[in-house]
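Below: one structure, written as structure tokens.
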Amino acid sequence: MSANPSQGQPPRKPDVPRRVRHGIKFRRKEGLQGLPWFAKAFTDVVEGRAALGARVLGMEYALSGQAASFGLENGLVEALVQGRAARPYAVKLSLPHLTSEQWVEVVQAMAREAMFAAKLLVGEMPEEIEKPFAACGTHLLPATPQELKVECNCGEKLPCKHLVAVSYLLAERLEVDPLALFELRGLAGPTLLERLQEARTVQTTGVSQSHQSPQLPSQKAQLPPLEACLDDFWRPGRKLADFEQLAAQQHVPHALLRRLGSSPLGGKFPLVGLLASVQDSLRAKAIELRQRIEESGA
């Protein structure tokens, strides 16, 4: 019997990557065209450092669903990408996280303009999002290619095709969930919204505990019984000039929303917070319009 020449030798890798059942695919029909600017920032960083072959194969891997898993948790992107080897490769992408003190400063800077809360609450990423970060001496998107930390245990030159594929999946994730961009800097999107709404309330009401809904001004007046007012009930009361001399009561913003309480409707974004931000935006625009009219003398 002749000896099998393949005995005792390790199995050869296939010429094509092993297929993944129910793999995670890059599903944008337009490819990278039309990606939001903040999502494209990550593909640009990775592609700018990757070789042409890695970019081409990375797109093929992404389209064919070679990613066995993909997740963004605690500010770290982790994925398993199946190549020609028996086991998938572990891929990681991350950005340096902001400190707690930096996040406090950024949220306070964002809270000074109602536009940030209004757009983020409806899932839009404002083009001016870098301004509050820059005002605090930091930034949201990667400022340099080296700032984006990439890892893969395939042994190839980085960024490899596996990393490129994961960057495409990340860009697609950011397109449908812009708030995930903040998690890459260490703060979950829903937590950012909560802090931003709280900071907005503090700045508009001047209270130190915005989570405690302020009580509406008391209207309990000691009125005489109706039977004692029959002779004077239909007579005019105070003159309008008398009311003009009364002290203005303290304004409570979003009073109706606070009285109604939390919305029974579920969803990704809090409805009450969204309506509150809309009211703030309308109020700011109304004040601006009134000032323009007064200045023009109309």
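Each reported figure results from applying straightforward, stated rules to the coordinates on display, with no laboratory input. Keep in mind it's a predicted model, so treat the numbers as computed, not measured. Here the Cβ positions follow ideal geometry from the backbone for every residue, glycine too, while neighbour counts run over all protein chains shown.
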(message) Less than 14 Å Cβ to Cβ from LEU35, Lys/Arg counted +1 and Asp/Glu -1: what total charge do the surrounding residues give?
(response) -1
(request) Pick out, in residue order, every one of the trypsin sites (Lys or Arg not before Pro) in region 147-180 that is DSSP loop and has at most 11 other C-beta atoms within 10 Å; say none if there are none. (result) LYS157
(request) Scan around TYR89 for amide H atoms under 5 Å from its own, H built in the peptide plane at 1.01 Å from N, and keep only partners 5 or more places away or cross-chain. (result) VAL81, GLN82, GLY83
(request) Starting from the alpha-carbon convex hull of region 3-138, give the projected area averaged over all orientations, in nm². (result) 12.4
(request) Using only Cα positions of region 94-161, each an equal point scatterer, no hydration layer, compute I(q)/I(0) via Debye at q = 0.28 Å⁻¹ and quote the log10 values to two decimals. (result) -1.27
(request) Quick one: Debye curve from the alpha-carbon atoms of region 62-116 only, equal weights, vacuum; give me log10 I(q)/I(0) at q = 0.16, 0.22 Å⁻¹ to two decimals. (result) -0.66, -0.85
